[in-house]
Every structure is written in C-alpha cells, then in structure tokens.
1. Would you list, by chain and number, the lysines whose Cα falls below 16 Å from the Cα of K465, excluding same-chain residues fewer than 8 positions away?
2. Summarise the accessible area of segment 235-280 (1.4 Å probe, protein heavy atoms) by the percent that is carbon and sulfur.
3. Past the 44 angstrom mark, what percentage of all C-alpha to C-alpha distances in the chain do you count?
4. Using 0.36 nm per residue, how much length does the chain from D61 to E590 gain when fully extended, once their Cα-Cα distance is taken away?
5. List the extent of the Cα atoms of segment 223-292 along each of their three principal axes, largest first, rounded to whole Å.
6. Please give the contour-minus-distance gain from N645 to R88: 0.36 nm per residue of separation, less the Cα-Cα distance, rounded to one decimal in nm.
7. Please arrange E264, E243 by accessible surface area, largest first, computed with a 1.4 Å probe and ligands excluded.
8. Quick one: length gained pulling N255 to H570 fully straight, 0.36 nm per residue minus the C-alpha distance?
Amino acid sequence: MSAPHNTPQVPKAPKVTEREARKVAEAAREQDWRKPSFAKELFLGRFRLDLIHPHPLPPPDDIRRGEEFLGRLRAFCEAHIDSARIEREAKIPDEVVNGLKELGALGMKIETKYGGLGLTQVYYNKALALVGSASPAIGALLSAHQSIGVPQPLKIFGTQEQKDAFLPRLATTDISAFLLTEPDVGSDPARLATTAVPDGNDYLLDGVKLWTTNGVVADLLVVMARVPASEGHKGGITAFVVEADAPGVTVEHRNAFMGLRGIENGVTRFHQVRVPAANRIGPEGSGLKIALTTLNTGRLSLPAMCVGAGKWCLKIAREWSAVREQWGRPVAKHEAVGAKISFIAATTFALEAIVDLSSQMADEDRNDIRIEAALAKLYGSEMGWLIADELVQIRGGRGFETAESLAARGERAVPAEQMLRDMRINRIFEGSTEIMHLLIAREAVDAHLKVAGDIINPEKPLSDKAKAGANAAGFYARWLPQLVTGAGQLPRTYGEFHPAGHRDLSGHLRYVERSSRKLARSTFYAMSRWQGRMETKQGFLGRIVDIGAELFAMSAACVRAEHLRGSGEHGREAFQLADAFCRQSRVRVEELFTRLWSNTDDLDRRVVDGVLSGTYTWLEEGVIDPSGEGPWIADATPGPSAEENRHRPVR
C-alpha cells in the first residue's frame, strides 16, 4: 500500500483540447528562419544546391583531434567491450562505463575549458557510430547523456554559473538523463502532469517520469515540469537540472525491452523534491522550446548510429554471401539476394552522406538545419531498420538464430537478430516516425502558413482573413510561376557531376530539381483543396515528407560522391554507389507521388471507425490473449514512493 499523501492531489494530466495542445506545440517552435535552409527551400520548390555544394569541410585541427580520439576509442572498444556479455547480462559492466569516463567519452561535445574534448558534431557522430557498432546500448548511454541530456541544453541556454557548476562534472564523472515522457503523456506535452511549484527561492517538484534513458544510473537530470502561473511567476513547462540523489527522487523500476538490453532506462518519481531556482534552465515556460532546440542537433546522433549499423550489415552481408552457396554459386550471385546487398550498400552510403553533411552544417552554423536533422532522424531510422531486416533475410535461418546458439553449435556468432531488435526502437526514440512526419510537415509548410494561415484559421476575424488574403495573393503571384520551369529541364545543368570516366550523377540532380517543384505544387494544391482540414491529412503529409527525405538523400549522396572524387578517396566507387542509390530512390519517389492522390486513406478511416465501434469484434474470435491483467497505463498519482530506490550511480 502507498504511504498517505501529505500534500494536495494534483491531477494526473491536464485535460486539454486538440486545439489547445496544438497551441502549446506551436508556441515551442522556433518561429523565425534567420538562416538559410536547404531542406526548407527544397519543400518550397527551390533546389538550392549552393547551400550544400561544394561539400563543407571541418578545419584540419578538428580533423586531427577527431581522428586521434577515434583511434583511442576504437582501441578501447576492441579491448574492453564485450557485446555478447552486455546482451547476456542486460547490463553494461561498471568497469566499461568507468573506462569510457577515463577516455573522456562523457565529454566529447563539451568544451575543453570545462574538461571536455570539444569534438565537432561530425566527429561526435563518427564516435557514436563506432561505439554503437560495438554495443548499441553503450551508444544509447553516451547519446542520451550528451545529445539530449544536461550538457546540450546548458551549452545553448545555461547561465555561466550553471556551466561552471555542472559541465566539468558532466565531462568527466557524471552521467545525465533527459526526463520528459510520463506514463500518460508522450508526444502531447500540453498534458504534462509533473509540477514544479515555487517555494521561496526553490521549486517543489512532484510527478512521475517514464522511459528515462540513463535514469537508473544518472547523476544529473534535466526534468521538464509545469510551473503553475502565480504572482511573479509566468508559469508553463520549464526545464530544471536536478541532482539524481536529491531527497524525494526515487527510481522505482528499471525497464526491460526487446532490444538494447543493456540500456539503463527506468521510471522515476519525484515527491516534494526541492530544486533551487538557480537550477532552472532559461525562463519559466521555455522548457519545450529548449527541448526542441536541443534536438535540432541532438537528433543527429541516432542516424549516426544507424550508419554504423549499416556498415556492419554490409560487412556481414558481403562475407556471408560470398561463402554461402546455393545451386552451384554464392548466394550473392543470385539476383534476389544481390538486390538486397545492393540496397544495403547504396543506402548505407546515402545515410553516411546525410549524417556527415548535416553534421558539418551544424558545426559551421551557417544554415538552419532543423529540417535537415529531423529528416536525417526519420530517414536514418526507417532505412536502418530495413537494412537490418534485409540482413536477417540474407542470413536466412541463421539470421533468426541467436549469436549464442550459433556459437554453441560451432558457427560464427553473428548477432543479426539482435541487430534487428536493437534497431527497432529507432523508429520510436526521440520522436516516432509518425510524429516526425507531422513535425517536418509543419516546418515544410511554414512559409504558406505565414502568408495564408489566417485565412484558414477559424478563430481569426474577417478583417484578419482579408489582410491575409491580400498578402497571400502577392506571395503566390511571385512564387507559383517559379514552379513551372527550372534548371532541371536543361540537359547540361549540374555538369560538374558528370566528370569523364565516372557515372553520370547530373541527371539525378536534375530529377531532384524537377521533383522539388512538383512537390511544392502538390503541397499547394493540397492546401487549396483541404485548407483548414490539411492538418488532419496525415497520410498525405507523411508522403510529402517522405518524398522530401528521398530528395534530400539523393542530393547528399551526389554531393558526397563528388567530394570524394575531388579528394581522391574512392571517387569512382562513390559515384557508382550514389548512382545506384539515386536510381533506387527515384523508384520510391515515383511511387510516393502516385500515392499522394491514389491511396486508401478515406477507406482506412472508415475501417478504423468500425474497429473502434466494435463492428469487427467477430474477427477477433478464435484466439487466446496471453496478455496479463492490469491497467493499460500505470497510475502516476503524485505522492511519496512506496518502492525500493533502484538508482545505481556508477562509481
């Protein structure tokens, strides 16, 4: 039984309407575009190749320091990380975590003046790809600590006092975690139930957080909580740095998952936790904006690890398919298997091109990469999952068999099935695919909403609608003619991408330019057709975003191939891979364009209505449900914990 509550009860989650929830999300967006964005222009039908070509490069000193660290990290991984042990014991050994601390891996992105390594985003992501290939659980630990944990929001929004107090700890000894999700709150932060009530110079924190990656072993937490509005307090969702061992903080459970078995992810309860006002990051009400801004570059860590997974899958596919014979020749020589290997190789090349390009743009800070980073996360997680699935298929029954079982009967312990399980979470982590579609779609139509949003907003008076109509007329009079013709229709455009003796990539870039304009026309037509209902057309918006992702990937692949040719690094081979990827991508793009207008979206909605109303319950007959008893969502009522504290800092 729970101990009696000594404080007034707080509702589990505020009741909010859909419109109110959207307002909260909209307020958290970065409203302005102060820097150019390649992806934003792409969705508007403007192919700004000049923003990404020639491929930006890091300074020589950054390359030297980055390569030196990668060398040390590789040696450490090879000598000390036993992936099979982590999988077997569902735990990263303390000595491995401490070894990473000594190596400086906790401070890869923290400036040297605070004791960190000060690596660029490019080399930070290369390091995550490397360590994630040795153990995805370790990759998740380091990424959650630095990409979305305490260091990144402090770097961008923290005071000098906060940086001085916390960054030296985070660079060397202390692990951090990011706590936003709650048992009944996922991607709808308007319903956030955790509260931070002002009390003198402190706040009193109450609530329960779920899926707290690193939360079980963390020393410092960044916690999102709702501050009630009161005299002298603006209120709103706010970010706080919280000591994990503070009185009233309890890790009530360590979660277990189908993959990432070594991940230290738990349920954390806060009961009357006293947090100094000095630990508040930014002003009250800025928590969601801080979280989203942090994710602008933080999201790049996940596709970076997908790149590492792709490289490993390619290695195993190559080695296995060369020795496994069927009908008198290696399986790689059979077209059905060869197509899968080609997909893995070409897509891995493109994923690395996307991550390296986006990371370098983040380092240079010349472009706004909020859409590029989101596209990298979306595309990397989806294609990474397909790559892992194809490897399992290539391996056949051995792909379904565990590495431990393979070794026990005398074969090479290839953890293909583990890779599949570990990769599956990437389509959910840091914004599910469905949420990423909506987030990117919102940014992609931002220019339209700025000029015409008031026209379709039911809350706006007629005077505002009239003014918006005049502004929209001027914008579209200038913009629409630009979508009729462009450089993609000129046969010699982008000629530098067809050097003598290499595959011709210029045609692919012309295709991207033409498709970009077609994409913009399709978006405009849809907005004209559906107007205020556009936000409900999630199937259409998802396909629009997926087309943009493919066009971005094709652009990145071509730019990377030309960069490698110019630097003398496997240029001919890079052109072959880029050509193969672009041809595969174009098939997907054409299908997506067709499905914009020829699909089953309306029928699907009617079927869903029938499912929810019980019309098809007869279809569920004839099976046994092995699920256990209990509520669908655990009780998260604030109050003192009745559970044992499973917090386990690594020392």
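1. Reachable lysines: K450.
2. Numbers: 900 of 1630 Å².
Exposed carbon and sulfur together represent 55 percent of the surface.
3. Details: 49453 of 211575 pairs.
Of all Cα-Cα distances in the chain, 23 percent exceed 44 Å.
4. Values: separation 529, 0.36 × 529 = 190.44 nm, distance 4.33 nm.
Contour length minus Cα-Cα distance gives 186.1 nm.
5. In descending order, the Cα extents are 46, 29, 17 Å.
6. Details: separation 557, 0.36 × 557 = 200.52 nm, distance 2.41 nm.
Here the segment from N645 to R88 would lengthen by 198.1 nm.
7. Values: E264 10, E243 60 Å².
Result of the area sort, largest leading: E243, E264.
8. Details: separation 315, 0.36 × 315 = 113.40 nm, distance 4.44 nm.
Taking N255 through H570 to full extension adds about 109.0 nm, to one decimal.
The values are calculated or read from the model by the stated rules, or taken from the named source; none is laboratory data. Note that the structure is a prediction, hence the values are computed from the model and not measured. Methodologically, a virtual Cβ is constructed for each residue, glycine included, from the backbone with ideal geometry; neighbour enumeration extends over all protein chains shown. Heavy atoms of the whole protein, side chains included, go into the accessibility calculation; ligands, DNA and RNA do not. Shrake-Rupley method; radii C 1.70, N 1.55, O 1.52, S 1.80 Å.
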